Amino acid sequence: MRTIFERYSLAGAMREGEGAATTAATTAATTAATTTAPPAATATTTATTTPTAFDFSQHGVAGEDLAYVTNKGWKGPTDIVASYRNLEKLRGVPVEQLLQLPAADAAPEAWSDIWTKLGRPAAADGYQLTLPQGDDGAFAKVATSWFHGADLTQGQATKLYEKVMAWAGEQQKAGETVNADAVKAQMAALDKEWGPNRDTNLAIAQRGAKAFGLDEATVDKLQGALGYDGVMKLMHNLGSKVGTDAGFVTGDGKGGFSGTVTQEQARAEITRLRKEKSFAQRFNSSDPTVRSLARNEMRKLEEIAFPGNQSS
């Protein structure tokens, strides 16, 4: 059994232990609170400053320009820059490439600058066209005057000219085919009419053309007006009147001149020609070459039929 003194001593030791534990717990709690708890908020006061508006009037902007800026709601130069950049994005091209169209009822002169910017040459001779081989350029000169009058651009004029020339070429080929077929048919008909005297009559026709000084170009022109058979008969008729050893002989062997034409034969031929409708048409033809040949033919006959009393 512990004595009173021992119990007292033990009780004191226990109290000291409890005090130490309490002190340690308090220290730990204080340390934890100090470590984890945020510091108390400190109230501060921040001053709010309102930016001063950009004053365009202090930078040379006045009058209508100042009103324009104000209506646009621009607050400063950066707003103007942003607006202009957006405008460039919207139009997509430099200002020199923009077109301002005149009013619908504007005079033609008001459109001149528009057509020029679109590619119309300043004058008709400014068009560049490729001429077909052998073309003298006469049609191109006329065509470019049409193109310029219609305000066509170079590209439009080129395409239209090529189309027209291609069409004309096709028409010419078609015409040549038709003409060749017609000449072939007329040759066959003339061969049938002249029969075995074909070569003789051909020689007389050639002599007639030579006597009247008709070159191939003139004969071709006559063929266009009279047809192949018509011009051959005309040349033969002329050749039969200028004196030759061989006369005109038809397929059935009838009539014509033989040798030198007599006065009686000339008068008879004049009478016949005056009744002949085709001769009257040639005599009064609008083609000067055809008309001249017919009148020369009549004049030569009159010189023989009525010597010293020829009609003019």
Ala182 vs (1) in a helix (DSSP H, G or I); (2) in contact with a Phe, Trp or Tyr (Cβ under 8 Å, 6 or more places away or on another chain); (3) surrounded by 14 or more Cβ atoms within 10 Å (Cβ to Cβ): all pass except (3)
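Conditions (1) touching a residue at least 40 places away in the same chain (Cβ under 8 Å); (2) open to solvent by less than 50 Å² (accessible area, probe 1.4 Å); (3) not β-branched (Val, Ile, Thr), marked per residue:
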site	(1), (2), (3)
Leu87	no, no, yes
Gln97	no, no, yes
Ala103	no, no, yes
Leu118	no, no, yes
Pro121	no, yes, yes
Gly126	no, yes, yes
Asp135	no, yes, yes
Val142	no, no, no
Verdict on Gly73 being open to solvent by less than 60 Å² (accessible area, probe 1.4 Å) and not aliphatic (A, V, I, L, M):
yes
Pairs, please: C-beta under 8 Å, at least 6 apart or cross-chain, first residue within 17 Å of Asp125 (Cα to Cα) and open to solvent by 50 Å² or more (accessible area, probe 1.4 Å) and in the stretch 155-167, second part of a helix (DSSP H, G or I) and of a type outside the set (Val, Ile, Thr)?
Gln156/Phe147; Leu160/Phe147
Identify the residue in the stretch 253-279 that is open to solvent by less than 100 Å² (accessible area, probe 1.4 Å) and β-branched (Val, Ile, Thr) and, among all such residues, is modelled with the lowest pLDDT.
Val261
Of the residues in the stretch 35-70 that are aliphatic (A, V, I, L, M) and either modelled with pLDDT of 60 or more or part of a helix (DSSP H, G or I) (or both), the one that is least open to solvent (accessible area, probe 1.4 Å) is Val69
Search result, residues across the stretch 195-252 that are farther than 19 Å from Gln265 by Cα, modelled with pLDDT under 80 and either in a helix (DSSP H, G or I) or open to solvent by 60 Å² or more (accessible area, probe 1.4 Å) (or both)
Asp252
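The values are calculated or read from the model by the stated rules, or taken from the named source; none is laboratory data. In this text the structure is predicted, and so the values were computed from the model without any measurement. Note that we place each Cβ from the backbone using ideal geometry, even for glycine, and neighbour counts take in every protein chain shown. We work out accessible area using only protein heavy atoms, side chains counted, and drop any ligands, DNA or RNA first. Shrake-Rupley method; radii C 1.70, N 1.55, O 1.52, S 1.80 Å.
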